Structure formats: C-alpha cells, structure tokens
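Each remark here refers to the structure printed beneath this line.
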Amino acid sequence: MSEIRFSNLTWDQVITLNQVLDEVIPVHGRGHFPTLEVKPKYIIHVVKDQLIGQEIIVKRTRLNGSTASHNGISYKDLDIIFGVELPSDQQFQVVKDTVLGCLLDFLLESVKKEKITLKTMKAAYVQKMVKVCNKHDRWSLISLSNNTGKNVELKFVNSLRRQFEFSVDSFQIVLDPMLEFYSDKNAKLNKESYPVVVVETMYGNFQEAMTHLQYKLISRRKPEEIRGGGLLNYSNLLDHNFKPACEAEIKILECYMCSRFFIDFPDVAEQQKNIESYLHNHFIGEENNKYNYLMTLCGVVNESTVCLMGYKRRQTLNMITLMALKVLGEHNSLPNTNNVTCFYQPAPYFAAEGG
C-alpha cells in the first residue's frame, strides 16, 4: 500500500493560513532607506506575475517548513517556494532582477524610483542571496531583511533533492488556490465557501508526520544527505522539549548528524562561525534561550561524536562551552554550575597526545 502524502486543510487551518498571508511584515531598509510594509499574499502574487511576464515558467507556489506546520517553535522566516524552470544562468539572473524590481513597487509613490538601481535595492533590502547549481540541486534564494529575524524568504526551485530535515518541518502548503481566491474581488472567505487547499508532507507519510507534529516527536531520514547533518536544528528541537520518535534509532542518527557536521565544518573556527550564524538567525528576541540551547548542543556532541580524535573533540566542546558562558556574561547572568561542564585541557596535555 502506497503512503499517503497529501491532505486538505480544514476550515480553521485555512483561516490560520489566511492570517499568515495577510499579515503585514516589515522589510527593513538599511541606511536611509524606508521600511517596506509587505503582505506575503501581495508579494507572492506580484513576483509570480512578473516572472510569468518575463517568460519564466512558474509551476506552483508553496509555503514551506515550520511556518506551514507551526511545529511548536515560533517560526522566524516565512519560507515561500516558487516551483520554476531554470534551464540556464540567464533565468537565474531574470529571477533576481524580477524580485528586486518588485520591491520597487512597495516603495512610497513619493520616492523617485527611476533613480534607484537594482543593485541599490539589493544592498538596501536583501539579507542574503544563495544560488545552488549542481547535479542534484538547482535553486536560488532571496531573503528580505527583517530586524526581528522574521525574514521573507523567496526560494526559486527547479530541482531540490532534499526539501526537509525532520518530519515536523516537512509540510508544504500549496498556495495557488488561495492566490486565485484573492484575485477574485467578490470572493469572501467563509465556512460555506472557501478554497480547497492541499498540504503535502515531503517526509512521505502524512499521518505519521502529523502524529510526530502533534506529540512533538523527532524523526528524520538520511541525515548524512543534509549539509551540517541537521545537528543544530536537532538540538533546537530537543531544547523545545521534542522527544525522539524512536529511542533505539536516535543515537545512531545523532552519530550520523555529528559526523556530517564535522565533515562539512572540520575546523573549529568554521564550526563556531556556523553556530554563531545559527544563533543570530534563530534567536532574535530570544537571546535568553541561547545558553540552554548551547548546552543542549554540547551534550549531543559530547555523547554522539565518535568520528574525531580526542583533542579535536575537546576543542569543539570547549568552544561551545565558552560560547555559552559568553552568552551568560552578555546578559549579566550567573550559570547554574550544576549544568556547566568545562572540557578545557592544558596545552601540554594536547602536545603529549600528539595533537
């Protein structure tokens, strides 16, 4: 029997989706550039129409990840996926220029837009840009700036082998029926007449993934396929009281996650940079939670790292512990010493080990 990947949103879920799409999200400008007030439903509609006008084939639009599932962690980024065809680098450039051009439409009419270049718009309003072209993946990402960390992320996907890390963030809501509904000025959203909206789990089994979401269970497949192994997100789930769906398998998965993390970030400086970036992107407004998160991460690395030589393992543990203590210092807090483990070893010991 084949697994069922799809389900329809209920009326209450459609109402929640409408609230997400209708919410005004500020896109903060740098320097003297004003804040843009953007509703997701408008920017999705404008970008889609402009792409089609530029002869880019748009097959679908979806809401992706934690925003689509409300997985128990307050979502930060609003992750919108445009399924597009990107046969050459030219299409990548068209997508980039189109999005930056659409941002101009959200500026006040009093602004002299003809003097503003796309390069200037990128510098003023884009948090990050990513372009991936390889054998399995062909996609780009444009993330719009928000000072509270709630970035509008527009992802343009031709192909993407791995679209989720955990079952609880594997849900994707197909937005096209809602966009069609919004385009009808006479349509009113009510219980007797609302669009049929489909949600798909990329995990493969909808009921299983929904059970994991309802009971805050952690389940994943092939962590070795994910850059960084998903280790940082896994520790975040643990810190939000998620539990492994299968205790017997989780230690093996933890080892895979740690192994992939250290393969992708072999140097302790790279590891620190990656962790700092994660903290910056996921803990804006929640700085007080950083310490507990770092200690959870430290515990996972301590228990599940079998791929490193002893001194390298201690280097990583020391680095994470010092980051946690720094966080406490920044907030003028004193740690509960019962929960702090110092992994520091004096230099002569490392030398004696041959490291």
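Could you tell me which of the residues LEU86, LEU100 is in a loop (DSSP other than H, G, I, E, B) and of a type outside the set (Lys, Arg)? Only one candidate qualifies: LEU86. Listed by first and then second residue, the pairs linking a residue in region 35-60 that is free of Cβ contacts under 8 Å to residues at least 24 places away in the same chain and closer than 13 Å to VAL94 by Cα to a residue that is open to solvent by less than 30 Å² (accessible area, probe 1.4 Å) and part of a strand (DSSP E or B), with Cβ atoms under 6 Å apart and 6 or more places separating them unless they lie on different chains, are ILE52/VAL58. Please go through region 166-193 and pick out each residue that is aromatic (Phe, Trp, Tyr), open to solvent by 10 Å² or more (accessible area, probe 1.4 Å) and either part of a strand (DSSP E or B) or more than 27 Å from LYS155 (Cα to Cα) (or both). The answer is none; no residue qualifies.
Restricting the first member to region 216-227 and to residues that are under 16 Å from THR201 (Cβ atoms), and the second to residues that are open to solvent by 60 Å² or more (accessible area, probe 1.4 Å), the beta-carbon pairs closer than 7 Å and six or more apart or on different chains are LEU217/LYS243; ILE218/LYS243.
Tallying residues that are charged (D, E, K, R) and in contact with a helix residue (DSSP H, G or I) (Cβ under 9 Å, 6 or more places away or on another chain) within region 177-199 yields 1. Test GLU114 against the stated conditions and say whether it is over 22 Å from the mean Cα position of the chain (by Cα) and modelled with pLDDT under 90. The answer is yes for GLU114. The number of residues in region 1-51 being of a type in the set (A, V, I, L, M, F, W, C), surrounded by 13 or more Cβ atoms within 10 Å (Cβ to Cβ) and part of a helix (DSSP H, G or I) comes to 10.
Annotation: of all residues in region 96-111 being surrounded by fewer than 18 Cβ atoms within 10 Å (Cβ to Cβ) and charged (D, E, K, R), the one that is farthest from the chain's Cα centre (by Cα) is GLU109.
Applying a threshold of 7 Å to beta carbon distances and a minimum spacing of six or more residues, or different chains, the list of pairs starting in region 169-187 at a residue that is among the hydrophobic types (A, V, I, L, M, F, W, C) and ending at one that is in a strand (DSSP E or B) and loosely packed, with under 13 Cβ neighbours inside 10 Å is empty. What are the residues in region 134-165 that are part of a strand (DSSP E or B), among the polar types (S, T, N, Q) and more than 29 Å from VAL24 (Cβ to Cβ), if any? Across region 134-165, the qualifying residues are ASN158, SER159. Only residues that are under 28 Å from ASN134 (Cα atoms) and aromatic (Phe, Trp, Tyr) were counted in region 85-122, giving 1. Regarding THR148, is this residue at pLDDT 90 or above and open to solvent by 10 Å² or more (accessible area, probe 1.4 Å)? So THR148 does not fit the description; no.
Among the residues of region 154-168, those identified as among the hydrophobic types (A, V, I, L, M, F, W, C) and either within 13 Å of ALA209 (Cβ to Cβ) or in contact (Cβ under 8 Å) with a residue 60 or more places away in the chain (or both) are LEU154, PHE156, VAL157, PHE164, PHE166, VAL168.
The values are calculated or read from the model by the stated rules, or taken from the named source; none is laboratory data. Since the model is a prediction, treat every value here as computed from it, not as a measurement. All Cβ positions, glycine included, derive from the backbone under ideal geometry; neighbour counts span all protein chains shown. Heavy atoms of the whole protein, side chains included, go into the accessibility calculation; ligands, DNA and RNA do not. Shrake-Rupley method; radii C 1.70, N 1.55, O 1.52, S 1.80 Å.
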